[in-house]
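The values are calculated or read from the model by the stated rules, or taken from the named source; none is laboratory data. Please read all numbers here as calculations on a predicted model, not as lab measurements. Please note: Cβ atoms are built from the backbone with ideal geometry, for glycine as well, and neighbour counts cover all protein chains shown. Side chains are part of the model used for accessible areas, which takes the heavy atoms of the whole protein and leaves out ligands, DNA and RNA. Shrake-Rupley method; radii C 1.70, N 1.55, O 1.52, S 1.80 Å.
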Amino acid sequence: MVLKVLVVGGGGREHAIAAALARNGDVRVYCVSARRNPGIARLASGIEIRKETDVAGVAAYATSQGIDRAIIGPEAPLDAGVVDALEGAGIPTAGPRWAAARLETDKAFCRDLMQSHGIRGCPLYRVFQNPADAVPFIRDHDGDLAVKPAGLTGGKGVRIMGEQLDREGAIAYVRTLSGPVVLEERLIGEEFTLQAFVDGTRLVYMPLVQDHKRAYEGDTGPNTGGMGSYSLADHTLPFVSAEDTAEARSIMAEAVAAIRRQGTPFHGILYGQFMNTGKGPRVIEFNARFGDPEAMNVLPILSSDFPEILCRITEGSLPSRVEWEPLATVCKYLVPEGYPDAPVSHQPLALGETGEALVYYGTVEEAEGGLATLSSRTLAVVGKGPDLATAEAIAEQAASGVQGRVRYRRDIGTAALLSRRVAHMEALR
Ligand code: AMP
Ligand code: GLY
């Protein structure tokens, strides 16, 4: 029997989602996105160019195509209530309704939920409804702070004292903001990502991944949407102990239980971004969807049937485990020169010899005569192999062959970077 699945969103993550769905020959993939993704277009039975936040339009398209299930890639449509609209139209969706997506879309809601339910891993924090009221607190606070707009900022709104800002810079930054602000103690450690399939009650965890937020090699430069990521063949990370992993899993399970107790169960993909500190994992944030790029590490090694998992998420009947291939992965994002501050766009782009690498299209345009860059992450190459070095070499070879005004981080997935992470963690413990 044919299953028609709608993917909402059109970036690298959604290309990886569409590719994982299309591995099942009985699935027909449909996509709604603001821009035509050439990779998704090749896989899909139907493409609708439409703003992903036009939730009534998304639901109407899904109904017109007889869609059976939907999955939401990015956070903006979750915040606009796309799941409520799709489910209102009778289409079960692997993604949380608006009220449960607030775990991601409202950082103040997330921290208050953690605190009121006594969930471990919550840093000290304060919420200010009016950013001006945060100024005296920043001035008098003893220690570095993270300054976060409470709402969505595309991953680019957070500023950290002691990294991008000094105290006066933090005060100046908070004065430029409007709307509620969260201030948190600055956490020191190594970041990792833990994602889980969630069916309202049960969580099925995915392999650990490490993303790289900073634009330049050696973790310097401004924060980006994520420059690339890696995972290891045994699905662990060497600077995250078995106890740390168990603690991170338990924190995520408690968050799922808390949101359920509030009467708004979470169905979808829960993404935990953790800082592994000298005292164990702390929650940097939760996202209510796959990570971009982290989806591109886990989905290519998922050996269980992905469409089946999505159906089970919506039905509240996830199996207790799913299967992953014992392979390492390395994902490198090519981004326009100048990204994120002043990206050069509309430049010609050509893939070279990609070898065994998987290629996922991000924000690119298929113009006459070939591909062209736009102003966000362009395309991702993913290597997978029995060990990190093999996966990295595959990704690196494909990335280095791309021609155009794009760049990428060569250090992602290298042994040198990994040993720096391990040494940092050892110094903290
Ligand atoms: P976010 O947009 O919440 O993912 O934050 C962007 C980046 O800011 C994260 O990847 C972290 O590197 C950093 N960050 C966020 N919160 C904190 C914190 N409390 N302490 C230290 N770094 C943080
Ligand atoms: N990789 C970070 C994010 O998807 O938000």
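Here the range 73-211 yields Rg over Rh of 1.01, to two decimals, using C-alpha coordinates and the Kirkwood radius.
Exceedance of the 20 Å cut-off in Cα-Cα distance is limited, within the set Lys332/Lys384; Lys107/Lys213; Lys148/Lys332; Lys213/Lys332, to Lys148/Lys332. Once you have a ≥ b ≥ c as the square roots of the Cα gyration tensor eigenvalues for the range 327-369, tell me rounded if a/c is under 1.5, and otherwise prolate or oblate according to whether a/b is larger than b/c. Here the range 327-369 falls in the oblate category. For the range 381-427 and the range 192-253, what is the separation of their Cα centres, given in Å? Cα centres, the range 381-427 to the range 192-253: 16 Å.
Each eigenvalue of the Cα gyration tensor of the range 1-91, multiplied by 5 and square-rooted, gives one semi-axis; in descending order these are 18, 15, 11 Å.
Computed from the alpha carbon atoms alone, the convex hull of the range 230-387 holds 171 Å³ per residue. Around the Cα centre of the chain, unit charges on the Cβ atoms of Lys, Arg, Asp and Glu (plus for the first two, minus for the last two) sum to a dipole of about 480 debye. Heavy-atom accessible surface of the range 317-367, averaged per residue, reaches 44 Å², computed with a 1.4 Å probe.
For the chain, which whole-number percentage of the solvent-accessible area (1.4 Å probe, protein heavy atoms only) is attributable to carbon and sulfur atoms? Carbon-and-sulfur percentage of accessible area, whole number: 49. For Arg50 and Ala350, what is the calculated FRET efficiency with R₀ set at 25 Å and r taken between the beta-carbons, to the nearest 0.05? E between Arg50 and Ala350, to the nearest 0.05, is 0.30.
When each of the peptides 104-112, 289-297 is scored by how many other beta carbons lie within 10 Å of its residues on average, the order from highest to lowest is 289-297, 104-112.
Note on the chain: Kirkwood hydrodynamic radius from all Cα pairs is 21.8 Å, rounded to one decimal.
In the full protein context, the range 8-163 carries 39 Å² of accessible surface per residue, based on a 1.4 Å probe and ignoring ligands, DNA and RNA. Using a cutoff of 8 angstrom between alpha carbon atoms and counting only pairs six or more residues apart, the relative contact order for the chain works out to 16 percent. Which net charge results when you count Lys and Arg as +1 and Asp and Glu as -1 among the other residues whose beta-carbon is under 11 Å from that of Ile251? Within the 11 Å Cβ shell, the charges total 0.
Within the range 357-429, the proportion of Cα pairs with more than 20 Å between them is 44 percent.
When peptides 331-337, 216-222 are ranked by their average number of other Cβ atoms within 10 Å per residue, the highest-first order is 331-337, 216-222. About its Cα centre, the range 1-100 has a charge dipole of approximately 360 debye under the convention of +1 per Lys or Arg Cβ and -1 per Asp or Glu Cβ, with nothing else charged. Since only Ala393, Ser320, Ala423 are under comparison, the one whose Cα sits farthest along the positive direction of the charge dipole of the range 309-429, derived from C-beta charges on Lys, Arg, Asp and Glu, is Ala423. What is the sum of charges, Lys and Arg at +1 and Asp and Glu at -1, for the other residues whose Cβ falls under 11 Å from the Cβ of Asn37? Taking every Cβ under 11 Å from that of Asn37, the sum is +1.
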